[in-house]
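The numbers here are math on the coordinates, done by the rules we state, and not lab data. Quick caveat: nothing in here was measured; it's all calculated off a predicted structure. All Cβ positions, even for glycine, are placed from backbone atoms using ideal geometry, and neighbour counts span all protein chains on display.
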Amino acid sequence: MKNPSLIFGTFQCNNEKEFSSMIRSVYETGIIGFDTSPSYQTEEMLGDALTFLMKKENIKRDAFFLQDKIDGWQMELSKGNIAPFVEESLGKLKTDYLDVLFVHWPFQEYLNETWMTMNKLKEKGVIRHIGLSNVRVRHLDKIKNETGILPDFIQIERHPLRTCQDEIDYCKGHAIVLEAYSPLCRMDERLLKSNVLKAISEKYEKNIGQVILRWHIDTGVVPVFMSKKKKRIEENCNLFDFSLTNEEILEINKLNMNFKIFVESVCCPGI
């Protein structure tokens, strides 16, 4: 399956009735990529929603691109032998394989053991691709040097206030797909008030969120977005009738200030 240009995230979606409606709206707009994690507590709801869609639309599992994560507590509890947790997640998602499995945070204890287990599951076909979340270039070099295995995907916080050019360059040089979570930076006021983004928005008759998502796509990044509103979901998918110029991309890049919503040292001490 071709990698999707957009992926729908399920972080902080805990209302089951609302969740099912969201997934239907997402699918109706043409999005086939979905992201979850044990810590989000949405695996089972996502599995139910996608199973319902498959039956209703008479489509097969390979119509969707499904990705999950391994959390730090699972790495520690299993000492890196995370296969039983993957099996549990597959059961909740009602699938026999994952398109991508990420290490959620690169806790150094048992990271290499977890990584090698994931690679074995990839060889068995249980996982199609393996990935790392919340990493920087130094983490990628370290795991490559210690295990000889680079990720197929990485997922990091990335938006115009944190452009991550080093990670983008590294991924392009090593054929790694880069995904961006929090791609709109929760519509930070500095983005909403940006004259650069306002001007581009007016030029293309798009809102600022659409311009930012297009910026991700035009810089080779897959945005993982989330919304509970059908109208916003539809807007966030209406991105393929325009492209940004190189000059506009460079102007947006200048908004970078290495601002981060999720502080790494709090989520992952020693990162």
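Considering the stretch 119-155 alone, what residues qualify as being over 23 Å from Ile168 (Cα atoms) and touching a Gly at 6+ places or on another chain (Cβ under 9 Å)?
Hits for the stretch 119-155: nothing passes.
Quick one: Met226 ticks every box in (1) out of contact with any Gly (no Cβ under 6 Å at 6 or more places or on another chain); (2) buried (at least 18 other Cβ atoms within 10 Å of the Cβ); (3) among the hydrophobic types (A, V, I, L, M, F, W, C); (4) touching a residue at least 60 places away in the same chain (Cβ under 8 Å) bar one, so which box is it?
(1)
Of everything in the stretch 249-269 that's in contact with a Phe, Trp or Tyr (Cβ under 8 Å, 6 or more places away or on another chain) and touching a residue at least 40 places away in the same chain (Cβ under 8 Å), which residue is farthest from Val26 (Cα to Cα)?
Top of the filtered list is Cys268.
Taking the condition in a loop (DSSP other than H, G, I, E, B), closer than 23 Å to Ile7 by Cβ and touching a Leu at 6+ places or on another chain (Cβ under 8 Å), does Leu197 pass?
When the stated conditions are applied, Leu197 does not pass them.
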